[in-house]
1. Could you list, ordered by first residue, the pairs with Cβ atoms under 9 Å in which the first is in the stretch 7-19 and within 12 Å of Tyr42 (Cβ to Cβ) and the second is of a type in the set (D, E, K, R) and assigned to a strand (DSSP E or B), at least 6 apart or interchain?
2. Among the residues of the stretch 30-55, write down those that are surrounded by 13 or more Cβ atoms within 10 Å (Cβ to Cβ) and assigned to a loop (DSSP other than H, G, I, E, B).
3. Going through the stretch 6-34 one residue at a time, which ones are of a type in the set (A, V, I, L, M, F, W, C) and modelled with pLDDT of 90 or more?
4. Quick check: is even one residue across the stretch 6-29 under 17 Å from Trp67 (Cα atoms), among the β-branched types (Val, Ile, Thr), within 13 Å of the chain's Cα centre (by Cα) and part of a strand (DSSP E or B)?
5. Give the residue that is farthest from Arg76 (Cα to Cα), with candidates limited to residues of the stretch 28-62 that are of a type in the set (Gly, Ala, Ser) and in contact with a strand residue (DSSP E or B) (Cβ under 7 Å, 6 or more places away or on another chain).
6. Scan the stretch 64-87 and report the pairs whose first residue is more than 20 Å from Gly6 (Cβ to Cβ) and whose second residue is small (Gly, Ala, Ser), with Cβ atoms within less than 8 Å and a gap of 6+ or a chain change.
7. Going residue by residue through the stretch 33-54, is there one that turns out to be touching a residue at least 12 places away in the same chain (Cβ under 8 Å) and touching a Pro at 6+ places or on another chain (Cβ under 6 Å)?
8. Regarding Trp69, is this residue of a type outside the set (Val, Ile, Thr), loosely packed, with under 14 Cβ neighbours inside 10 Å and either within 18 Å of Pro11 (Cα to Cα) or touching a Leu at 6+ places or on another chain (Cβ under 9 Å) (or both)?
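The values are calculated or read from the model by the stated rules, or taken from the named source; none is laboratory data. As the structure is a prediction and not an experimental result, all values here were calculated from the model. Every residue, glycine among them, receives a Cβ derived from its backbone with ideal geometry; neighbour counts consider all protein chains shown.
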Amino acid sequence: MPDSLGELVGPASGVVELPVHLVWSGLGVYDLGDERQLGLLYETVIREAMDVADVARYLNAVLVWVWLWLPVRVRRAWEQRFPSLAQAA
């Protein structure tokens, strides 16, 4: 996890292609204008990222509403670290 939400400077719009080390099978290209694909991108990055650089590169703090889509256990871990996420939800 990053030290602050300000480190999450990934794209907030457009199309994102994740590298193979994050999405080794299945969908690798995500249209951030499609809420379902956006949610899948965030879930994939949080689940598969091995370092904070990938999290910072592909997630964006502006899109806090996406946190609602994450699995409860993952969402709670992030909300404990960053209480503002729980308040935004």
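1. Val16/Asp31
2. Within the stretch 30-55, Leu32, Ala49 meet the criteria.
3. Step one: filter the stretch 6-34 for residues of a type in the set (A, V, I, L, M, F, W, C), giving 8-9, 12, 15-16, 18, 20, 22-24, 27, 29, 32.
Passing the criteria: Leu8, Val9, Ala12, Val15, Val16, Leu18, Val20, Leu22, Val23, Val29, Leu32.
4. yes
5. Initial filter on the stretch 28-62 (of a type in the set (Gly, Ala, Ser)): 28, 33, 39, 49, 53, 56, 61.
Restricting the remaining residues to those that are in contact with a strand residue (DSSP E or B) (Cβ under 7 Å, 6 or more places away or on another chain) gives 28, 56.
On the way: Gly28: 26, Ala56: 19 Å.
Ranking the qualifying residues of the stretch 28-62, first place goes to Gly28.
6. Leu68/Ala89; Trp69/Gly39
7. Yes: the stretch 33-54 contains one or more residues that are touching a residue at least 12 places away in the same chain (Cβ under 8 Å) and touching a Pro at 6+ places or on another chain (Cβ under 6 Å).
8. On the way: of a type outside the set (Val, Ile, Thr): yes; loosely packed, with under 14 Cβ neighbours inside 10 Å: no; either within 18 Å of Pro11 (Cα to Cα) or touching a Leu at 6+ places or on another chain (Cβ under 9 Å) (or both): yes.
No.
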